[in-house]
Amino acid sequence: MLNAPESAVLAVNLGTPEAPTAPAVRRYLAEFLSDPRVVAIPALFWKPLLYGVILPLRSGRSAEKYAQVWLPGGSPLMVHTRNLAEAMQRLMPGRRVRHAMRYGVPALGNELDAAKDAGVRRIAVLPLYPQYSTTTTASVEDLVERWRRRNPDVQVELIRDYPVHPAWVDAVAGSIRRWWERNGRGEKLMFSFHGIPQRVADAGDPYPRQCEASAAAIAAALGLSADEWQMGYQSRFGREKWLQPYAEPSLWALAERGVKQIDVVCPGFATDCLETLEEVALGFTHTLAERGAQMRYIPCLNDDPAHAGALAQLAEDALK
């Protein structure tokens with residue numbers, strides 16, 4: 001205890017099931033979809049639909065998708081997030097660096113408690129969402145604020161976003177550049193970001209503006225002209241209108257115009273996960289092939305040294 005760090009960093013990702021099975025996915029989705037930040041429907045109406053229809057239908061289907069991308073060490077999101085936190089720890093030997101999940105385990109609240117119990121009195125909470133949204137980052141803020149009120153003796157700093165932070169932009173651009181050096185460059189680069197309902201953006205959520213700023217900054221760092229890249233949004237759920245342009249139909253349109261090789265990168269995701277690997281790397285690739293075009297997926301930053309360095313810099317700045 002005498003040598004325990006007085007400050008800590010918690011790198012927080014969304015969360016993941018503990019196994020690619022229907023029961024594990026059901027437990028995870030029940031927690032995730034019960035958050036009013038994720039689904040803004042009154043619980044009186046939403047809970048019967050969630051438990052009576054959505055979870056029974058989605059749990060098995062989602063488990064099959066997870067099984068397609070599961071790694072020997074666990075889900076991709078868990079493995080890569082854990083490795084990223086370990087890479088940050090090596091760069092921050094004087095701090096306690098851990099990973100946490102907003103939903104599932106290791107639970108953010110438990111990790112905050114563990115840091116306090118270890119003697120930490122200053123904590124930087126770093127949501128692994130480069131672009132701020134009320135549907136993601138704000139939920140972390142909610143939990144942190146509740147914990148802070150119960151633990152006034154611990155100083156907690158929350159890093160809200162980093163959509164155009166120079167070190168992060170350089171890390172993303174560098175990973176794309178290295179991938180092109182190894183594999184050649186496609187005719188077009190598509191930036192695919194996770195979507196949110198249009199009504200959320202209309203209510204003032206800054207997410208779409210920050211996604212646009214991220215894509216433009218990365219394209220500029222790569223020296224791309226306006227006709228060499230575009231962006232879109234993926235992972236729609238339900239029937240309402242979400243942010244547009246939708247990524248997959250935009251890719252189809254490129255194929256129909258005769259573009260034969262398209263590279264896709266997902267800079268809104270810090271680590272690879274179900275949405276990048278199953279939906280994009282497998283799903284988008286398949287539907288593009290059906291239309292006569294080749295789609296190549298460029299992996300997320302994961303535990304890339306430049307990524308760990310950028311996040312360590314953000315955390316150090318927050319703890320100054």
Revision key, fill the gap. In the range 263-280, residues that are among the aliphatic types (A, V, I, L, M) and either under 23 Å from Asp227 (Cβ atoms) or free of Cβ contacts under 8 Å to residues at least 60 places away in the same chain (or both) total 3
Exercise for review: Could you check, for the range 207-224, whether at least one of its residues is part of a helix (DSSP H, G or I), hydroxyl-bearing (Ser, Thr, Tyr) and crowded, with 19+ Cβ neighbours inside 10 Å?
Suggested key: yes
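Yes or no, residue by residue, for (1) in contact with a strand residue (DSSP E or B) (Cβ under 9 Å, 6 or more places away or on another chain); (2) closer than 26 Å to Pro5 by Cβ:
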site	(1), (2)
Thr134	no, no
Glu145	yes, yes
Arg149	no, yes
Arg160	yes, yes
Pro166	no, no
Val169	no, no
Check your understanding: Restricting attention to the range 189-205, which residues are open to solvent by 30 Å² or more (accessible area, probe 1.4 Å) and over 17 Å from Ser250 (Cα atoms)?
Key -> Gln198, Arg199, Asp202, Ala203, Gly204
Study note, to complete from the structure: So, first residue assigned to a loop (DSSP other than H, G, I, E, B) in the range 127-153, second residue among the hydroxyl-bearing types (Ser, Thr, Tyr) and surrounded by fewer than 17 Cβ atoms within 10 Å (Cβ to Cβ), Cβ within less than 8 Å, six or more apart or across chains; the pairs are none
Review point. Is it fair to say Ala8 is in contact (Cβ under 8 Å) with a residue 12 or more places away in the chain and within 23 Å of the chain's Cα centre (by Cα)?
Key: yes
Check your understanding: How many residues does the range 154-183 contain that are assigned to a helix (DSSP H, G or I) and open to solvent by less than 60 Å² (accessible area, probe 1.4 Å)?
Key -> 11
**Study point:** Matching residues, the range 79-122, being within 30 Å of Ala203 (Cβ to Cβ) and either outside any helix (DSSP H, G or I) or open to solvent by less than 10 Å² (accessible area, probe 1.4 Å) (or both)
**Key:** Thr81, Ala100, Met101, Arg102, Tyr103, Gly104, Ala107, Leu108, Leu112
Practice item. May I ask you to list the residues in the range 225-249 that are of a type in the set (A, V, I, L, M, F, W, C) and open to solvent by less than 20 Å² (accessible area, probe 1.4 Å)? Key: Leu243, Ala247
**Study point:** Boolean, Thr285 is among the β-branched types (Val, Ile, Thr), modelled with pLDDT of 95 or more and either open to solvent by 50 Å² or more (accessible area, probe 1.4 Å) or in a loop (DSSP other than H, G, I, E, B) (or both)
**Key:** no
Exercise for review: State all residues of the range 92-118 that are of a type in the set (Val, Ile, Thr) and farther than 18 Å from Glu316 by Cα; if no residue qualifies, say none.
Suggested key: Val105
Review point. Looking at the range 184-191, is at least one residue part of a helix (DSSP H, G or I), more than 16 Å from Gln244 (Cα to Cα), modelled with pLDDT of 95 or more and basic (Lys, Arg)?
Key: no
Review point. Within the range 40-67, how many residues are within 19 Å of the chain's Cα centre (by Cα) and open to solvent by 20 Å² or more (accessible area, probe 1.4 Å)?
Key: 2
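The values are calculated or read from the model by the stated rules, or taken from the named source; none is laboratory data. Since the model is a prediction, treat every value here as computed from it, not as a measurement. Glycine also receives a Cβ, built like all others from the backbone with ideal geometry; neighbour counts cover every protein chain displayed. The area values use the complete protein model at the heavy-atom level, side chains included, leaving out ligands, DNA and RNA. Shrake-Rupley method; radii C 1.70, N 1.55, O 1.52, S 1.80 Å.
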